[in-house]
Amino acid sequence: MEKKKIIEKVKKIVGKDENRESKLKDICLFLHNELDGYDWIGFYLVEDEELVLGPYVGEPTDHTNIDFGEGVCGQAAERESTFLIDDVKQEDNYLSCSPKVESEIVVPIFKEGEIVGELDIDSHVKSRFSRVDEEVLEEIATTVGKIL
Ligand code: SME
């Protein structure tokens, strides 16, 4: 599916007359079904200066609460920037959620200039995420920021 269509679909989900949790879960399901190698997709929400796991699709993870600075998610939160990891096995500061994971991308979500959450995606394929994935996911994060 092309970039424009993916973003249009996410905007449609965000505009639905549903609660926030359902919308976030629907976005995870949509990305999981539509994009090969998007094996674990989840939202972390900032609460009391930590990242708390929200809706997700994929294997359950032990990492339901992550401090800023801890793991790839915590580093992305601390630096307020996207982290694209081609090979998680090369990372020192990394929290493993499954031995099958090879690459990961974490995109911060902002509301009125403040970080309020993150979109985290794991792949069982090495170097799965390109600059195009990054652009699409950053647009999705901007859209999602409106409902957080
Ligand atoms: N790998 C992440 C933790 C989240 S799990 O992948 C779902 C990290 O290093 O922060």
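The values are calculated or read from the model by the stated rules, or taken from the named source; none is laboratory data. Everything numeric here is computed off the predicted structure, so don't read it as measured data. Positions of Cβ are backbone-derived with ideal geometry, glycine not excepted, and every protein chain shown enters the neighbour counts. Just the protein is used for accessible areas: all its heavy atoms, side chains included, with ligands, DNA and RNA removed. Shrake-Rupley method; radii C 1.70, N 1.55, O 1.52, S 1.80 Å.
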Interchain or long-range residues, amide H under 5 Å from residue 102's placed H:
123, 124, 125
Across all directions of projection, what mean area in square nanometres is found for the Cα convex hull of region 54-117?
4.5
Please compute the length gained on full extension between residue 86 and residue 20, using 0.36 nm multiplied by the number of residues separating them and subtracting their Cα-Cα distance.
20.7 nm
Specify, per residue and in Å³, the volume enclosed by the convex hull of the alpha carbon atoms belonging to the chain.
100
Here, residue 148 and residue 11, labelled 7 Å along Cα→Cβ, have an inter-label distance in nm of 2.0
How big is the accessible area of residue 36 in square angstrom, nearest 10, if you roll a 1.4 angstrom probe over the protein chains?
130
Give me the net charge for the shell around residue 88: Cβ to Cβ below 10 angstrom, other residues only, Lys and Arg +1, Asp and Glu -1.
-4
Output wanted: per-residue J couplings in Hz (rounded whole) for region 26-33, from phi through Karplus 6.51 cos²θ - 1.76 cosθ + 1.60, θ = phi - 60°, x for Gly and Pro.
4, 5, 4, 4, 4, 5, 4, 6
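Under a Cβ-only charge scheme (Lys and Arg +1, Asp and Glu -1), can you give me the dipole magnitude of the chain about the Cα centre, in debye to the nearest 20?
Details: 18 positive and 35 negative charges, 174 e Å.
Here the chain has a charge dipole of around 840 debye.
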What number comes out for accessible area per residue over region 3-145 if the probe is 1.4 Å? Units Å², please.
50
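Taking all protein chains in place and a 1.4 Å probe, what share, in percent, of the accessible surface of the chain do carbon and sulfur account for? Spell out each step's value before the answer.
Working: 3350 of 7610 Å².
That fraction is 44 percent.
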Positive-end extreme of charge dipole, the chain - chosen from 107, 130, 52 (charges on Cβ):
130
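Please give the contour-minus-distance gain from residue 62 to residue 78: 0.36 nm per residue of separation, less the Cα-Cα distance, rounded to one decimal in nm. Intermediate values should be presented prior to the final figure.
Numbers: separation 16, 0.36 × 16 = 5.76 nm, distance 2.07 nm.
Taking 0.36 nm per residue and subtracting the Cα distance, the gain is 3.7 nm.
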